[in-house]
Amino acid sequence: MLRVGLTGSIGVGKSFVAGVLAELGCHVLDADLTAREVVEPNSVALERVVAEFGPEVLQSDGTLDRTRLGAMVFGDAQRRSMLNSILHPYIIARQDELLREWEAVDPDGIAVVDAALMIESGGYKRFDKLIVVHCRPEVQLQRLMLRNSLSREEAERRISAQMGQQEKKQFADYLIDTSEGFDDTRRQTEKVYAALTADFGSRTTQ
């Protein structure tokens, strides 16, 4: 199975690309779903988060209050780094478990893991290929303001809290520019899928 990482900064259209790859037949895993799974009630990861950040990050039913936790770490790089250091090992372990399951049933398939912080966490090194989704900065800003109902200042703050697009692009095996909308992005994604299929096919015949 060919293992592919899919990443990109906030507001660049990564989810749309992931959806197209799924339509084309890839096995696609959203890291956000894995992140929710590993902090389910009574999980070790959740216990560690509570021990570090306090019981106020729990809702009355014992589930993680992601909004409250997010507010605690968003403007604090040190606390955000601490949270990531707690959760990433559990998230990566769960992802790898799912990848092994997919490979057992579809060894010739393509598995795509969609994760925003793949480069920052170093998780991208586990993959055979890396796709980085990007767009023009002004397009990113407008999309984020519209999607999340944010002011320009708040959107700019969220963007600046992440690794810049130009830096992420340097890690890419494939780049997809979503600046020109859905149809153009779909065409680029189909080309990348064809390239991945050809690359994997050449490996298996060697």
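For the range 34-107, what is the charge dipole size about the Cα centre, in debye to the nearest 20, if Lys and Arg each add +1 at the Cβ and Asp and Glu each add -1 at the Cβ? Walk me through the numbers on the way to the answer.
On the way: 8 positive and 13 negative charges, 70 e Å.
Using only the charged Cβ atoms, the result is roughly 340 debye.
With +1 on each Lys and Arg Cβ and -1 on each Asp and Glu Cβ, how big is the dipole of the range 1-148 about its Cα centre, in debye rounded to the nearest 20? Write out the running numbers ahead of the final one.
Working: 16 positive and 21 negative charges, 119 e Å.
That gives the range 1-148 a dipole magnitude of about 560 debye.
What net charge do the residues around Glu180 carry, taking every other residue with its C-beta under 10 Å from that of Glu180, with Lys and Arg at +1 and Asp and Glu at -1?
On the way: positive: Arg136, Arg187; negative: Asp177, Asp183, Asp184.
Once all neighbours under 10 Å are counted, the net charge is -1.
For the range 140-151, what does the Karplus curve 6.51 cos²θ - 1.76 cosθ + 1.60, with θ = phi - 60°, yield as ³J(HN,Hα) per residue in whole Hz, taken in order and with x for Gly and Pro?
3J(HN,Hα) across the range 140-151, in whole Hz: 4, 4, 5, 4, 5, 4, 6, 5, 9, 6, 9, 6.
When only Cα pairs under 8 Å and 6 or more residues apart are kept, what is the percent relative contact order across the range 1-157? If you can, show how the numbers build up before the last one.
Details: 179 pairs, mean separation 75.8, N = 157.
Once divided by the residue count of the range 1-157, the mean separation gives 48 percent.
Taking amide H positions as placed 1.01 Å from N in the peptide plane, with prolines and chain starts having none, which residues 5 or more places from Arg136, or on another chain, fall under 5 Å of its amide H?
It is Ser179, by chain and number.
Output ³J(HN,Hα) for the range 162-176: one whole-Hz value per residue in order, computed from phi by the Karplus curve 6.51 cos²θ - 1.76 cosθ + 1.60 with θ = phi - 60°, and x for Gly and Pro.
9, 4, x, 4, 4, 5, 4, 4, 5, 8, 7, 8, 9, 10, 10
Consider all pairwise Cα distances in the chain and report the whole-number % of them above 29 Å.
Working: 6182 of 21115 pairs.
Summing the P(r) of the chain above 29 Å gives 29 percent of all pairs.
Quickly work out the Ala198-to-Asp183 label distance, labels modelled 7 Å from Cα along the C-beta direction, and quote it in nm with one decimal.
So the label points at Asp183 and Ala198 sit 2.5 nm apart.
Rounded to whole Hz and in sequence order, give me ³J(HN,Hα) for the range 79-90 from the Karplus expression 6.51 cos²θ - 1.76 cosθ + 1.60, θ = phi - 60°, writing x for Gly and Pro.
Karplus-based 3J(HN,Hα) across the range 79-90 equals 5, 5, 5, 4, 4, 4, 5, 6, 7, 4, x, 6 Hz.
With r defined as the distance between the Cβ atoms of Phe74 and Arg136 and R0 fixed at 25 Å, what FRET efficiency is calculated, to the nearest 0.05? The partial results should precede the final answer.
Details: r = 25 Å, r/R0 = 0.99.
Efficiency, from the Cβ-Cβ distance: 0.50.
Label points 7 Å out from Cα along the Cβ direction at Lys191 and Asp173: separation in nm?
Result: 1.8 nm between the two label points.
Are there trypsin sites (Lys or Arg not before Pro) in the range 82-159 that DSSP marks as loop and that have at most 11 other Cβ atoms within 10 Å, and which are they?
none
Pull out the extension gain between Trp102 and Asn42, defined as 0.36 nm times the separation in residues minus the alpha carbon to alpha carbon distance; nm, one decimal. Write out the running numbers ahead of the final one.
Values: separation 60, 0.36 × 60 = 21.60 nm, distance 2.67 nm.
18.9 nm is the gain from fully extending Trp102 to Asn42.
Towards the positive end of the charge dipole of the chain, with charges on Cβ (+1 Lys, Arg; -1 Asp, Glu), say which of Ala35, Ala93, Val192 has the farthest Cα.
My answer, from the dipole projection, is Val192.
How many lysine pairs does the chain hold where the Cα atoms are under 15 Å apart and the two sit 8 or more places apart or on different chains? Could the numbers behind the result be given before it?
On the way: Lys14/Lys168; Lys14/Lys169; Lys125/Lys168; Lys125/Lys169; Lys129/Lys168; Lys129/Lys169; Lys129/Lys191.
Value for the chain: 7.
How much net charge surrounds Val12 when only the other residues with a Cβ under 10 Å from the Cβ of Val12 are counted, with Lys and Arg +1 and Asp and Glu -1? Write out the running numbers ahead of the final one.
Numbers: positive: Lys14, Arg136, Arg143, Lys168; negative: Asp177.
Summing Lys/Arg as +1 and Asp/Glu as -1 gives +3.
Under the 0.36 nm per residue contour assumption, what length would be gained going from the current alpha-carbon distance of Arg126 and Arg147 to full extension?
Details: separation 21, 0.36 × 21 = 7.56 nm, distance 3.11 nm.
Contour length minus the Cα-Cα distance gives 4.4 nm.
No value in this document is a laboratory result; all are computed from the given coordinates. Everything quoted here is computed from the prediction, not taken from an experiment. A quick note on method: Cβ atoms are made from the backbone with ideal geometry, for glycine too, and the neighbour counts reach across all protein chains shown.
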